[in-house]
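Written below as structure tokens is the structure these notes are about.
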Protein chains: 2
Amino acid sequence: MLSLEEKIVHDGLALGTQIVKVDSFLNHQIDVAFLREIGQEFGRLFADKRPTKILTMESSGIGCAIAAAQALGDLPVLFAKKTVPSTMVEDIWYADVKSFTKGTVSRAVVARKFLTAGERVLIIDDFLAHGEAGMGMIEICRQAGAVVVGMGAVIEKEFQGGGARIREALGDGAELHSLAVISQIRDGVISFRQ
Amino acid sequence: MLSLEEKIVHDGLALGTQIVKVDSFLNHQIDVAFLREIGQEFGRLFADKRPTKILTMESSGIGCAIAAAQALGDLPVLFAKKTVPSTMVEDIWYADVKSFTKGTVSRAVVARKFLTAGERVLIIDDFLAHGEAGMGMIEICRQAGAVVVGMGAVIEKEFQGGGARIREALGDGAELHSLAVISQIRDGVISFRQ
């Protein structure tokens with residue numbers, strides 16, 4: 001998605017060799033008009049997979065998931081929670097997810113009643129780095145007996161290996177689409193896969 | 001907003017006398033079509049205040065804020081973070097926010113560069129209970145020199161007193177609008193203010 005690559009270069013910030021900050025338009029401040037374009041691109045890529053629900057991870061996945069859901073005919077969005085609220089008394093599906101950026105492990109949790117066998121789930125997230133969040137969401141769908149029909153990431157950092165992990169976990173039936181794939185961050189310059 | 005009251009009664013769940021769960025459509029699973037109606041109602045209520053930015057709190061405020069932003073001509077949305085990511089190296093505005101449900105205090109943080117003097121901020125959140133999150137966001141705007149032109153809550157629990165606190169803090173120039181105001185939760189029955 002060329003407009004996204006341009007926006008990353010123009011508004012993003014490279015930190016060291018591992019981190020690109022896009023908090024001016026994606027995961028702190030949100031450019032709502034651009035978010036709609038992102039959603040429409042996901043809609044175009046995944047409409048033929050006939051998803052019935054979108055699964056994402058709080059917090060920064062929520063906006064992307066809503067935009068994709070709107071483009072796919074107002075699908076329900078389910079966001080996994082990273083802390084279990086005291087109001088969440090029911091049975092849960094969960095997976096432990098490591099954050100390389102924060103150096104922590106958190107438990108991603110979904111109420112069982114909102115993810116059931118046979119649902120066709122499209123997983124959406126803002127970043128695909130080491131693949132921990134994506135693998136956690138695939139695991140949650142496996143527990144529920146739901147079918148993962150695809151995964152969409154706004155920005156993939158290819159050199160951190162998550163894309164390969166996710167593709168292997170998804171198998172033949174489902175596709176991973178990343179709207180921008182970063183191959184390298186060096187000396188403040190962000191390079192994209194050709 | 002009558003359709004919201006009906007949805008709370010139909011899909012919500014009263015727990016004890018203090019808690020109403022709306023995680024089937026608002027803060028775990030999101031009914032994206034209904035979220036649009038919520039956004040349009042906020043748009044109708046606040047368009048004449050000419051906001052330039054929407055401020056909300058992660059995670060469950062994000063969807064409501066995006067829907068309101070879409071209804072107000074694609075305003076930028078800024079969501080306060082409850083943990084400071086290691087990628088957030090710049091100067092911040094912050095406020096400490098107590099959660100009565102979780103029994104914790106967390107620091108709500110916004111990067112200074114995304115909230116500047118003179119901006120006209122509409123604060124949006126999913127719940128208004130004791131008013132802690134709202135007071136925190138008002139404090140963050142005060143630090144930035146931004147003008148709070150209004151606050152919108154999807155669901156206010158009137159009996160927890162946050163509405164009175166927020167109205168006093170907002171003063172004369174700005175209005176608080178809650179789309180559904182719960183006056184009492186008792187024996188599993190949710191009552192609304194007439």
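When accessible surface is computed with a 1.4 Å probe, chains B and A are found to bury approximately 3400 Å² between them, both chains counted.
Positive-end ranking of A:Thr104, B:Val189, B:Ala153 along the dipole of the protein assembly as shown, with charges on Cβ about the Cα centre, is headed by A:Thr104. Note on the protein assembly as shown: with charges restricted to the Cβ of Lys and Arg (+1) and Asp and Glu (-1), its dipole about the Cα centre is near 480 debye. The other copies place their B:Leu13 label points at 4.2 nm from this one, listed shortest first, where each point is 7 Å from Cα along Cα→Cβ.
Ordering A:Gly61, A:Leu176, A:Ala117 by Cα displacement along the dipole of chain A toward the positive end leaves A:Ala117 in first place; charges were set at the Cβ atoms of Lys, Arg (+1) and Asp, Glu (-1).
With a Förster radius of 22 Å applied to the C-beta separation of A:Thr83 and B:Gln18, the computed FRET efficiency comes to 0.70.
Axis angle, to the nearest 10 degrees, between helix B:2-11 and the longest C-alpha principal axis of chain B: 70 degrees. The alpha carbon centroids of the range B:152-194 and the range A:6-73 are separated by 33 Å. Taking each DSSP H run with n ≥ 4 as -39500 (n - 2.57) and averaging over every residue of chain B yields -9000 deg cm²/dmol at 222 nm. From the label point of A:Asp91, set 7 Å along Cα to the beta carbon, how far off in nm is each other copy's matching point, shortest first? Nearest to farthest, the other copies are at 5.3 nm. Within the range B:1-133, the ratio Rg/Rh, alpha carbon atoms throughout and Rh by Kirkwood, equals 0.98. Probe radius 1.4 Å, ligands and nucleic acids ignored: give me the carbon and sulfur share of the accessible area of the range B:83-165 as a rounded percent. Carbon-and-sulfur percentage of accessible area, whole number: 53.
In the context of the full set of protein chains, chain B has a per residue accessible area of 41 Å² (1.4 Å probe).
Given +1 on the Cβ of Lys and Arg, -1 on the Cβ of Asp and Glu, and no further charges, what dipole in debye does the range B:43-194 carry about its Cα centre, rounded to the nearest 20?
Charge dipole, the range B:43-194, about its Cα centre: 80 debye, nearest 20.
Annotation note: chymotrypsin sites (Phe, Trp or Tyr not before Pro) in the range A:90-138 located in DSSP loop regions with a Cβ neighbour count of at most 16 within 10 Å are A:Phe100. Against chain B, whose longest principal axis is taken from its Cα atoms, helix B:132-144 shows a tilt of about 20°. Across chain A, the relative contact order, built from alpha-carbon pairs under 8 Å that are at least six residues apart, equals 21 percent.
A straight chain from B:Asp187 to B:Leu2 at 0.36 nm per residue would run longer than the Cα-Cα distance by 64.4 nm.
Rounded, prolate or oblate: which fits the protein assembly as shown, taking a ≥ b ≥ c as square roots of the Cα gyration tensor eigenvalues, rounded meaning a/c under 1.5, else prolate when a/b beats b/c? Here the protein assembly as shown falls in the oblate category. Non-local lysine pairs in the range B:8-118, meaning eight or more places apart or on different chains, with alpha-carbon distances under 26 Å, amount to 17. Copy-to-copy label distances for A:Arg186, where each label lies 7 Å from Cα along Cα-to-Cβ, are 7.1 nm in order of increasing length. Rank B:Tyr94, B:Pro76, B:Ala144 by how far each Cα sits towards the positive end of the charge dipole of the range B:75-194 (+1 on Lys, Arg Cβ; -1 on Asp, Glu Cβ) and give me just the farthest. Value computed over the given set: B:Tyr94. Relative to the dominant Cα principal axis of chain B, helix B:61-71 is inclined by about 80°. With 0.36 nm allotted per residue and the present C-alpha distance subtracted, the A:Phe100-A:Arg112 stretch has 1.6 nm of extension available.
Under the criterion of Cα pairs below 8 Å and six or more residues apart, the relative contact order for the range A:63-166 equals 26 percent.
The values are calculated or read from the model by the stated rules, or taken from the named source; none is laboratory data. Just so it is clear, the model here is predicted, and its values are computed rather than measured. As a convention, Cβ positions derive from the backbone with ideal geometry for all residues, glycine included, and neighbour counts pool all protein chains shown. These area figures cover heavy atoms from the full protein model, side chains too; ligands, DNA and RNA do not enter into them. Shrake-Rupley method; radii C 1.70, N 1.55, O 1.52, S 1.80 Å.
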